[in-house]
Structures are given as C-alpha cells and as structure tokens.
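A.B. asks: The structure that follows is given in the form of structure tokens.
The values are calculated or read from the model by the stated rules, or taken from the named source; none is laboratory data. Quick caveat, the model's predicted, so the values are computed rather than measured. Quick reminder, even Gly has a Cβ in these numbers, built from the backbone with ideal geometry, and neighbours come from all protein chains shown. To get the accessible areas, we keep the full protein, side chains included, count just its heavy atoms, and leave off ligands, DNA and RNA. Shrake-Rupley method; radii C 1.70, N 1.55, O 1.52, S 1.80 Å.
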Amino acid sequence: MITERVLTLGALAALGLVALAAHVADEPFTVTLATRAAIFALAAVGLNLALGLGGLVSLGHAVFFGLGGYAMGILAWHAQMYQPMRIGPLEIAGTQSMPAIWLVAVAVSGLAALLIGLLALRTAGVYFIMITLAFGQMFYFFAVSWPAYGGEDGLSIYVRNGFPGLNTLDPIQFFGLCFALLAAATGLVAGLRRAPFGLALNAARQAPERVRAAGIEPQRLRLAAFVVSGAITGLAGALFADLNRFVSPAMFSWQLSGEIMVFVILGGAGRLSGPVLGAAAFVAMEHWLGGIWEYWHILLGLLLLGVVLFARGGIAGLVTGRSHV
C-alpha cells in the first residue's frame, strides 16, 4: 500500500519531471503549464491547512491570493515607473526584487487573514462561509473601483521581477522557484501536522469541547491556522501575478475561491499530496479538455460529484486506499 508520504513525494517528483522533460524537449508552454499547476498547488496547500486540518470551509481565500498579487503588482509598477508610493507623509519605494515582494505579500495576506479571522471565527458553519465570501466580494469591488492601479482593467507589469542569480524570464528557472516554494510550504504543513499544534487543531476539528476541557482554546488554534493559511495563499498570488505579469480584480473573485477549494477536494482534503494532485488534474483538464470542448467544466463537475459521493478521500484516497485522513 502506498503511504501518504510516498504519494506526496511522488506527486512533487512527477510535477518536476514533467517540467524538466518539457524543457529538454524545448516546449516552454508545457513548462508554463507546470508552473501554473505548482502555483495553484501552493494556494491549495494554504487552504488545505484551514479546510483539511482545521475544518474551516472558506469561500474567501481569493482575498489572500488577490492581496498577494496586488502586493506584487503595486510594488513592481512603482519600481518600473520610478514613482514612490505615497501613504500620507510617507514615501515608499517600489521594488522588483522577488524576495522583498514575497515578504510583503506574506505579511499583507497574513495580516488580512488575522483581521478577517477575528471576525469570521466568531461564527461557524454556513455563517463562516458567508462571511468569508462577503469579504471576498468587498475586496473584489474595491479593486474594481481603484483607478490608481487599473480599476477593472487591471495592472500590467512589463518585465518579470528578479531573483538573485537567476534569469526569471527563463520558464524552467521560474518554475524552479515556484516548485521550491511549493515543496517548502508542503514541508511546513507536514511539520505543523506532526507538531502539538497540528494535533490539537485536528482534535479541535473533531471534538472542540474535549479540547476546551483540556485547557486549550479551539478558536486560537483555528485563528493561527487561518493566518498561516492566508499567508501561504498570498505567496501563491504573488507568484501567479509574476507568471502572468498582470493583476486584476478577478484575483479576488469568488469563482477563484471555489477553484482553489476544488483543488483541495479533488486531490483529497487534509492530505499532503491533495493540493498537488488536485491542481495538476485541474490544469491538465483545463488544457486538454478545454481545447476540445468549450463546456469542459461540465466534465469537471461530474468528476467532482463522483469524488464527493464515492471517493471522499479524493485522488489521494483512491491511490492510498484510505478514505479518511
């Protein structure tokens, strides 16, 4: 029987090998598809921490994805226009350094997750879902009505941001960056799952009253998981914006939140390999079936329906033979 750890390493290795094979075959478009899958998988790693381990069904994770994207877009735009940002009396210079942008994206998304979580986690169930959805719509319409950074037309970045020692315009090198961050985030979540924090969070999802009786407040655990989840998703948003060299209000849309949730459910909620398997399957279907049939989402819906009804563990559950985490 294949273990979860072996499946996770295998899924990551397969994604890397696809990109390397495409690079050797001189197929940069396939490398870009693999990069897209890696970025979506990173966003799903973030949601999987909140959803799979914490039981928090969020329909607003595109907020953090969009904030990460706009952090990149705004900083890079000011750098390429040689205009500092003005926030009251302060002037902040833009930058096209990826590490600096990632730090800002993680900080902004994590702070937003903290503020949203403090309010949303006062509720549960469908009310939590609706509050996160409402925040997503608020940010979406704010971005639409923000003419300084393109409004509904979005914001274009002329040159991809830089990373020391690498040519980020080379598809395989940019894939390498995204893949390394995906592997690091997967390792971080694996460590959290085994740590006392992860064990307590999992217990709070299943039996919150028993956890509270043991002297641990479940809401604090959920809030911490929500913040880490938002920060990881924000990092994915910054990478996605760099991949396309473009940001738009669509990055805040509830449809994107739904897609990230589809990655998690399709791959297997709560499983380390789930985000990679789900994102890769989605990108593959989008590319191949989308080129054949305009309404390929119907097939995706049927697949998702089958997973929910007959394979609760998603693709990972089918491979490992375990329907529960």
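A.B. asks: In sequence order, what are the phi-derived ³J(HN,Hα) couplings for segment 241-257 according to the Karplus relation 6.51 cos²θ - 1.76 cosθ + 1.60 with θ = phi - 60°, rounded to whole Hz, with x for glycine and proline?
C.D. replies: 5, 5, 4, 8, 6, 6, 10, 8, x, 4, 5, 9, 5, 5, 4, 5, 4
A.B. asks: For segment 192-207, in order, what is each residue's ³J(HN,Hα) by Karplus, 6.51 cos²θ - 1.76 cosθ + 1.60 with θ = phi - 60°, in whole Hz (x at glycine and Pro)?
C.D. replies: After applying 6.51 cos²θ - 1.76 cosθ + 1.60, I find 5, 4, 7, 6, x, 4, x, 5, 5, 5, 5, 5, 5, 5, 8, 9 Hz.
A.B. asks: Let a ≥ b ≥ c be the square roots of the eigenvalues of the Cα gyration tensor of segment 129-168; is it rounded (a/c under 1.5), or, if not, prolate (a/b larger than b/c) or oblate?
C.D. replies: It comes out oblate by the Cα gyration axes.
A.B. asks: Which FRET efficiency, nearest 0.05, do Q219 and Q255 yield, Cβ-Cβ r, R0 35 Å?
C.D. replies: So, using R0 = 35 Å, E works out to roughly 0.75.
A.B. asks: Quick one: divide the alpha-carbon radius of gyration of the chain by 2.2 N^0.38 Å and tell me what you get.
C.D. replies: Its radius of gyration relative to the 2.2 N^0.38 Å reference: 0.98.
A.B. asks: Once you charge only the Cβ atoms, +1 for Lys and Arg and -1 for Asp and Glu, what is the size of the charge dipole of segment 4-320 about its Cα centre, to the nearest 20 debye?
C.D. replies: Once rounded to the nearest 20, the dipole reads 1100 debye.
A.B. asks: Another question, then. Which GluC sites (Glu not before Pro) in segment 241-325 pass both tests, a DSSP loop state and at most 13 other beta-carbon atoms within 10 Å?
C.D. replies: For GluC sites (Glu not before Pro) across segment 241-325 that sit outside H, G, I, E and B with at most 13 neighbouring Cβ atoms in 10 Å, the list reads E294.
A.B. asks: How do 230-237, 263-270, 194-201, 174-181 rank on mean C-beta neighbours within 10 Å, highest first?
C.D. replies: Packing proxy ranking, top to bottom: 230-237, 263-270, 174-181, 194-201.
A.B. asks: Find out how many positive minus negative residues lie around T168, taking Lys and Arg as positive, Asp and Glu as negative, among other residues whose Cβ is under 11 Å from that of T168.
C.D. replies: Net local charge, T168 excluded: 0.
A.B. asks: Label segment 1-111 by shape, choosing from rounded, prolate and oblate, from the square roots a ≥ b ≥ c of the eigenvalues of the Cα gyration tensor; if a/c is under 1.5 it is rounded, and otherwise prolate applies when a/b is larger than b/c, oblate when it is not.
C.D. replies: oblate
A.B. asks: Moving on to the next point. Go ahead and estimate [θ] at 222 nm for the chain from helices alone: -39,500 (n - 2.57) per DSSP H run with n ≥ 4, summed, over the residue count, rounded to 500.
C.D. replies: That comes out to -23500 deg cm²/dmol.
A.B. asks: Oh, and also: Probe radius 1.4 Å, ligands and nucleic acids ignored: give me the carbon and sulfur share of the accessible area of the chain as a rounded percent.
C.D. replies: Ligands and nucleic acids excluded, carbon and sulfur reach 68 percent.
A.B. asks: Report the Cα-based extents of segment 114-186 along its three principal axes, largest first, to the nearest Å.
C.D. replies: 46, 36, 17
A.B. asks: If you don't mind, there's one more thing I want to ask. Give a quick list of chymotrypsin sites (Phe, Trp or Tyr not before Pro) in segment 75-117 that DSSP marks as loop, anything other than H, G, I, E or B, with at most 14 other Cβ atoms within 10 Å.
C.D. replies: Y82
A.B. asks: Further, regarding this structure: Would you please classify the overall shape of segment 46-129 from the alpha carbon gyration tensor, given that a ≥ b ≥ c denote the square roots of the eigenvalues, rounded means a/c under 1.5, and beyond that prolate means a/b larger than b/c while oblate covers the rest? Write down the numbers at each step before the final one.
C.D. replies: Numbers: a/c = 3.44, a/b = 2.31, b/c = 1.49.
Since a/c reaches 1.5 and a/b is larger than b/c, the shape of segment 46-129 is classed as prolate.
A.B. asks: With the chain treated as a Gaussian network of Cα nodes joined by springs under 10 Å, which of L272, L118, L182 yields the largest mean-square fluctuation?
C.D. replies: L118
A.B. asks: Considering the options G10, L67, I216, tell which one lies farthest towards the positive end of the dipole of segment 4-320, charges being +1 on Lys and Arg and -1 on Asp and Glu at the Cβ, about the Cα centre.
C.D. replies: I216
A.B. asks: Whole Å is fine, so just give me how far the alpha carbon centre of segment 12-52 lies from that of segment 249-290.
C.D. replies: 12 Å
A.B. asks: Something else now. Averaging the inverse of every distinct alpha carbon separation and then flipping it gives the Kirkwood radius. What is it for segment 138-244, in angstrom units? Write out the running numbers ahead of the final one.
C.D. replies: Details: mean 1/r = 0.0585 Å⁻¹.
One over the average 1/r among Cα pairs gives 17.1 Å for segment 138-244.
A.B. asks: When the dipole is taken about the Cα centre of segment 231-325, and only Lys, Arg (+1) and Asp, Glu (-1) are charged at their Cβ, what size is it in debye, to the nearest 20?
C.D. replies: It comes to approximately 320 debye.
A.B. asks: Another question, if that's okay. State the answer as a single residue: which of A190, L169, W102 lies farthest towards the positive end of the charge dipole of the chain, with beta carbon charges of +1 for Lys and Arg and -1 for Asp and Glu, about the Cα centre.
C.D. replies: Going by the charge dipole, the pick is A190.
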